[in-house]
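These notes concern the structure reproduced below.
The values are calculated or read from the model by the stated rules, or taken from the named source; none is laboratory data. Since the structure is predicted, the reported quantities are computational estimates derived from the model, not experimental observations. Because the Cβ atoms are built from the backbone with ideal geometry, glycine has one as well, and the counts that use them run over all protein chains shown. Just so you know, the surface numbers come from the protein's heavy atoms only, side chains and all, with ligands and any DNA or RNA stripped out. Shrake-Rupley method; radii C 1.70, N 1.55, O 1.52, S 1.80 Å.
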Amino acid sequence: MATRDIYETGFDEDVRTESSANQCPECDGRVTTNAVKTVCEDCGLVIDEQRIDHGPEWRAYDDEECERTGAPLTAARHDRGLSTEIGRGTDAKGNELSGQKRRRLARMRREQTRGRWRSKAERNLAHGLGEVRRLASALDLSDSVRDQACQLFRSAQNEDLLRGRSIEAIAAASVYGACRCNGRSRLVDDVSEMARVAESRVTNAYKTLNEELGLPADPVSPSMFVPRLASDLECPDRIRQRARALAEQAEERGVTTGVHPAGFAAACLYKAGQEQGQWVTQSDVAETGNVTPTTVRTHHETLAEQVA
């Protein structure tokens, strides 16, 4: 006889099966069991309910309280956020610890710090991701852009691009690359200023990442910088809208090819201010766009010739 004729090939929890362990306590009738309850087929007595709970293991009245086992996995930390931290001074209930227990926790904390990184590469990864998180917080970037920058730093380390380069420069280039890929109007000098790294080093690191990893970064257009510069200059909405229209017209005609996007956006704001009777000086818009007044004047002349 074949084995498949003797043993069952599957089991369905929702199918009622007879329970031979006991009988109905009321009428001694036949008892059947499924995944929800145990009932008597003769009198209908419910003997047992909810034998298997398929629902969540929490009981909360707010969506923010529905937690399982801590925070989810994140790319912003070298261990994906799975490591634990040893507390200080108090226990889980908030009670003060004795001096002996505090000294014991200090020794445990020291040993945990020493054994946190298994290699120098993991230690460099932790340092680089910490720098990326700091830059993302200083630049007020969203969590999604921060996670993309952290993943970009991981890819750079996996491709051995950190060798001979500064970790801070690669971290800053990762943040700038994530901003470029998401269409954020951030300049290299904005990131390098927060990173306390020379702009040339951040630029070289970004070129390396772009060439080796093939970043899907689109060219930066001047129209992307108009809202930011207008906000810094506290320009009215009509000037901002007119400057955005001037920048888009210039982009359609191909005038903005090879120009500094922030400088051209500053020239658009300057021209829009002149048309609306708001005399924004060239030095003010140049300082906001981090360019020279000569650059603003040159782009303003181009706008006057090419864009109506």
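Residues of the stretch 270-282 being out of contact with any Pro (no Cβ under 6 Å at 6 or more places or on another chain) and either open to solvent by less than 60 Å² (accessible area, probe 1.4 Å) or without any contact (Cβ under 8 Å) to a residue 12 or more places away in the chain (or both), which ones?
Y270, K271, A272, G273, Q274, G277, W279, V280, T281 - these are the residues of the stretch 270-282 that are out of contact with any Pro (no Cβ under 6 Å at 6 or more places or on another chain) and either open to solvent by less than 60 Å² (accessible area, probe 1.4 Å) or without any contact (Cβ under 8 Å) to a residue 12 or more places away in the chain (or both).
From the list L125, L97, pick out the single residue that is more than 19 Å from M194 (Cα to Cα), modelled with pLDDT under 90, surrounded by 11 or more Cβ atoms within 10 Å (Cβ to Cβ) and in contact with a Phe, Trp or Tyr (Cβ under 8 Å, 6 or more places away or on another chain).
L125
For V285, are the conditions met, namely being without any contact (Cβ under 8 Å) to a residue 60 or more places away in the chain, among the hydrophobic types (A, V, I, L, M, F, W, C) and closer than 29 Å to L161 by Cα?
no
Every residue, every condition in (1) closer than 23 Å to V188 by Cβ; (2) under 24 Å from the mean Cα position of the chain (by Cα); (3) surrounded by fewer than 19 Cβ atoms within 10 Å (Cβ to Cβ), yes or no:
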position	(1), (2), (3)
D218	yes, yes, yes
S231	yes, no, yes
C235	no, no, no
R240	no, no, no
A250	yes, no, no
T256	yes, no, no
P261	yes, no, no
C268	yes, no, no
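Counting only residues that are open to solvent by 60 Å² or more (accessible area, probe 1.4 Å) and of a type outside the set (D, E, K, R), which one in the stretch 103-114 is farthest from D91 (Cα to Cα)?
Among those that are open to solvent by 60 Å² or more (accessible area, probe 1.4 Å) and of a type outside the set (D, E, K, R), it is T113.
Considering only the stretch 203-216, state which residues are under 21 Å from the mean Cα position of the chain (by Cα), part of a helix (DSSP H, G or I) and surrounded by fewer than 17 Cβ atoms within 10 Å (Cβ to Cβ).
N210, L213
Test A156 against the stated conditions and say whether it is touching an Asp or Glu at 6+ places or on another chain (Cβ under 6 Å), more than 25 Å from P227 (Cβ to Cβ) and buried (at least 17 other Cβ atoms within 10 Å of the Cβ).
No: the conditions fail for A156.
Which condition number does L141 fail, the rest of (1) in contact (Cβ under 8 Å) with a residue 40 or more places away in the chain; (2) part of a helix (DSSP H, G or I); (3) among the hydrophobic types (A, V, I, L, M, F, W, C) being met?
(2)
Being open to solvent by less than 30 Å² (accessible area, probe 1.4 Å) and touching a helix residue (DSSP H, G or I) at 6+ places or on another chain (Cβ under 6 Å) is the filter here, so list the residues in the stretch 176-186 that pass it.
Y176, G177, A178, S185
With R110, R123 as the choices, which residue is free of Cβ contacts under 8 Å to residues at least 12 places away in the same chain, touching a His at 6+ places or on another chain (Cβ under 9 Å), of a type in the set (D, E, K, R) and in a helix (DSSP H, G or I)?
Of the residues listed, the single one that is free of Cβ contacts under 8 Å to residues at least 12 places away in the same chain, touching a His at 6+ places or on another chain (Cβ under 9 Å), of a type in the set (D, E, K, R) and in a helix (DSSP H, G or I) is R123.
Please state which one of A173, A195, A169, A178 is closer than 23 Å to G128 by Cα, in contact (Cβ under 8 Å) with a residue 60 or more places away in the chain and of a type in the set (A, V, I, L, M, F, W, C).
Only one candidate qualifies: A195.
Tell me yes or no: at least one residue of the stretch 276-283 is in a helix (DSSP H, G or I) and either at pLDDT 85 or above or more than 16 Å from V226 (Cα to Cα) (or both).
Yes, there is a match, as at least one residue in the stretch 276-283 is in a helix (DSSP H, G or I) and either at pLDDT 85 or above or more than 16 Å from V226 (Cα to Cα) (or both).
Being surrounded by fewer than 16 Cβ atoms within 10 Å (Cβ to Cβ) and of a type in the set (G, A, S) narrows it down to one of A138, A173, so name that one.
A138
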